[in-house]
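Asker: I'd like to ask some things about the structure below.
The values are calculated or read from the model by the stated rules, or taken from the named source; none is laboratory data. Predicted, not measured: the structure shown is a model, and the values here were computed from it. All Cβ positions, glycine included, derive from the backbone under ideal geometry; neighbour counts span all protein chains shown. Accessible surface areas use protein heavy atoms only, side chains included; no ligands, DNA or RNA. Shrake-Rupley method; radii C 1.70, N 1.55, O 1.52, S 1.80 Å.
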Amino acid sequence: MTLILGLEGTAWNLSAALVSEERAVYEAESTYKPLHGGIHPREAAQHHASELKKVVSRAFRGAEKEGFSLRDIDAIAFSQGPGMGPCLRTVATAARALSISLNTPLIGVNHCIAHIEIGRWRCGTKDPVVLYVSGANSQVLAYRSGRYRILGETLDIGIGNALDKLARYLGLSHPGGPKIEELASKGAEYVYMPYVVKGMDLSFSGLTTSAKDAINLHHHKTEDVCYSFQETAFAMLTEVTERAMAHLCKDEMLLAGGVGANRRLQQMLQTMCHDRGANFYVPENKYLKDNGTMIAYLGLLMFNSGNTTPIEKSAVNPNYRPDEVEVTWRDVE
Ligand code: ATP
Ligand code: FE2
């Protein structure tokens, strides 16, 4: 049986998890919460550095209670990118140290693909079109000929960052997504917002500016502005996802990433899938947001397909794109 330790720490969440063949064994985490404003990369990295020992020890103790020992660990997986440079470097250093001291291979994991694979695992979907929406990322992807291809993506900021910026402007603390969702549920009147879809790509930065103007210059109700922001941004995402499904003739769709927790986004995608006779899949919230289990799980898939990372190739890559990864664990269709 294979047992993998996974370390996640690309941004706000530091997490260590153990996954055995087909089972999430144990996960320990520690959350960085900015005192004010958004995530500060160096502060987040300092948080990770000071919490690492505690979090890893908690994960080890948890695994021991589940009947595993340190000696059972076959490899150490870590988020190699994308993410914030200082955060990535802190966690990668810990992963290298653990790999050397436990004398086990290292596995550098692409964080975006980990979001996808944990969703495929938990939901049992085989070959979906994926909508991956988080703080820094917004992409539509599908697997084809040995790689996850990016079919459409944001041209500027991720939808999560756009929501967080609006929340910050309204004086709400980070993360803003859930607070905007709450306000939006009380809105009723649609206020015009720029709907920017260019081919298969999207742009969200104009939405944030327009939402600020709607409140500041035109004195619209905050709830109506949040509602309109969500309706516009989520319709854009749904449109591009649907076009990808139509072109590829796929009848499965998987939602991934922290913004996937939004009920209104889930509802729009569900309706779109239902109307085309396709199945819509979304994992539990704890597997949508950043978590160590997804890193360990992709590590397990990579390890079992002979895909490990020599130390000299373990440098982090803050701009690591999912289509750079050669997928060794899926059949070429
Ligand atoms: P990545 O490195 O993949 O971009 P991330 O660091 O942004 O990941 P995630 O946990 O995947 O982390 O996503 C966090 C984002 O999800 C934040 O922008 C947060 O505001 C947003 N979010 C969380 N819950 C909701 C919600 N209910 N509605 C909308 N957005 C949400
Ligand atoms: Fe993420």
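Asker: Of the listed pairs LYS54/LYS286; LYS53/LYS286; LYS33/LYS179; LYS54/LYS126; LYS33/LYS165, which have alpha-carbon separations greater than 26 Å here? Intermediate values should be presented prior to the final figure.
Answerer: Values: LYS54/LYS286 21 Å; LYS53/LYS286 22 Å; LYS33/LYS179 15 Å; LYS54/LYS126 37 Å; LYS33/LYS165 15 Å.
LYS54/LYS126, as the Cα separations exceed 26 Å there.
Asker: Next up: Of MET193, MET84, which has the most accessible area with a 1.4 Å probe, and how do the rest follow in descending order?
Answerer: On the way: MET193 5, MET84 50 Å².
If we order MET193, MET84 from most to least accessible, we get MET84, MET193.
Asker: Moving on. Using helices alone, I'd like the mean residue ellipticity at 222 nm for the chain: each DSSP H run of four-plus residues gives -39500 (n - 2.57), total over residue count, nearest 500.
Answerer: Working: 9 runs with 140 residues, N = 333.
Taken over the chain, the calculation gives -14000 deg cm²/dmol.
Asker: I've got another one for you. For ILE113, ILE215, give the ranking by accessible area with the largest first, probe 1.4 Å.
Answerer: Of ILE113, ILE215, the descending order of accessible area is ILE215, ILE113.
Asker: Would you be so kind as to identify which of TYR132, ALA16, GLN230 lies farthest towards the positive end of the dipole of the chain, taking Lys and Arg as +1 and Asp and Glu as -1 on Cβ and the Cα centre as origin?
Answerer: It is ALA16.
Asker: Compute, for the stretch 80-201, the length of the dipole vector about the Cα centre, with Cβ point charges of +1 (Lys, Arg) and -1 (Asp, Glu) only. Units Debye, rounded to 20.
Answerer: Working: 13 positive and 9 negative charges, 77 e Å.
So the dipole magnitude of the stretch 80-201 works out to roughly 380 debye.
Asker: Moving on to the next point. Using only the heavy atoms of the protein chains and a 1.4 Å probe, how would TYR26, TYR227 rank by accessible area, largest first?
Answerer: On the way: TYR26 90, TYR227 60 Å².
Ranked from most to least accessible, the order is TYR26, TYR227.
Asker: Over the chain, what is the relative contact order in percent, taking alpha-carbon pairs closer than 8 angstrom and at least six residues apart?
Answerer: Working: 719 pairs, mean separation 83.4, N = 333.
Relative CO of the chain lands at 25 percent.
Asker: Now for a separate question. For the ranges 69-78, 87-96, what's the packing order if you count other beta-carbon atoms within 10 Å of each residue, average per peptide, and put the highest first?
Answerer: Details: 69-78: 20.2, 87-96: 22.7.
Put in order of decreasing packing, that is 87-96, 69-78.
Asker: Still on this structure: If the only charges are +1 at each Lys and Arg Cβ and -1 at each Asp and Glu Cβ, what is the size of the charge dipole of the stretch 127-285 around the Cα centre, to the nearest 20 debye?
Answerer: I would put it at about 260 debye.
Asker: On the protein heavy atoms, probe 1.4 angstrom, tell me the percent of accessible surface of the chain carried by carbon and sulfur. If you can, show how the numbers build up before the last one.
Answerer: Numbers: 7090 of 14380 Å².
Carbon and sulfur: 49 percent of the exposed surface of the chain.
Asker: While we're on this one: For ASP213, what accessible area in Å² do you get when you roll a 1.4 Å probe over the heavy atoms of the protein chains, rounding to the nearest 10?
Answerer: The accessible area of ASP213 comes to roughly 60 Å².
Asker: Could you report the accessible area of TYR195 in Å², rounded to 10, computed with a 1.4 Å probe on the protein chains as they sit in the structure?
Answerer: Near enough 110 Å² of accessible area.
Asker: Kirkwood Rh, Cα Rg: Rg to Rh for the chain?
Answerer: Details: Rg = 19.9 Å, Rh = 20.3 Å.
Rounded to two decimals, Rg over Rh is 0.98.
Asker: Karplus couplings for the stretch 254-264 from phi (6.51 cos²θ - 1.76 cosθ + 1.60, θ = phi - 60°), rounded to Hz, Gly and Pro as x?
Answerer: Per-residue couplings from phi come out as 10, 9, 9, x, x, 5, x, 6, 5, 5, 5 Hz.
Asker: Ignoring ligands and nucleic acids, what accessible area does VAL56 show with a 1.4 Å probe (Å², nearest 10)?
Answerer: Counting only protein heavy atoms, VAL56 exposes about 10 Å² to solvent.
Asker: Leaving out ligands and nucleic acids, note down the accessible area per residue over the chain with a 1.4 angstrom probe, in whole Å².
Answerer: Dividing the accessible area of the chain by its residue count gives 43 Å².
Asker: Once you put a point 7 Å from the Cα of SER205 and another 7 Å from the Cα of HIS218, both along the Cβ direction, what distance in nm separates them?
Answerer: Placing both labels 7 Å beyond Cα along the Cβ direction yields 2.2 nm.
Asker: Okay, next question. At 7 Å along the Cα-to-beta-carbon direction for both LYS33 and SER50, put a label point, then send me their distance in nm to one decimal.
Answerer: 1.5
Asker: Moving on to the next point. For the charge dipole of the stretch 258-333, defined by +1 on Lys and Arg C-beta atoms and -1 on Asp and Glu C-beta atoms about the Cα centroid, which residue among PRO318, GLY306, ASN291 has the Cα displaced farthest towards the positive pole?
Answerer: Ranked along the dipole, the leading option is ASN291.
Asker: Counting Lys and Arg as +1 and Asp and Glu as -1, each charge on the Cβ, what is the dipole of the chain about the Cα centre in debye, to the nearest 20?
Answerer: On the way: 34 positive and 37 negative charges, 130 e Å.
Dipole about the Cα centre, nearest 20: 620 debye.
Asker: Would you please name the trypsin sites (Lys or Arg not before Pro) within the stretch 264-326 that are DSSP coil residues with at most 16 other C-beta atoms within 10 Å of their C-beta?
Answerer: Numbers: sites: ARG264, ARG276, LYS286, LYS289, LYS313; in loops: ARG276, LYS289.
Answer in residue order: ARG276.
Asker: Label GLU21 and ARG61 with points 7 Å out from Cα along Cα→Cβ: what is the distance between them in nm?
Answerer: Computed distance between label sites GLU21 and ARG61 equals 3.0 nm.
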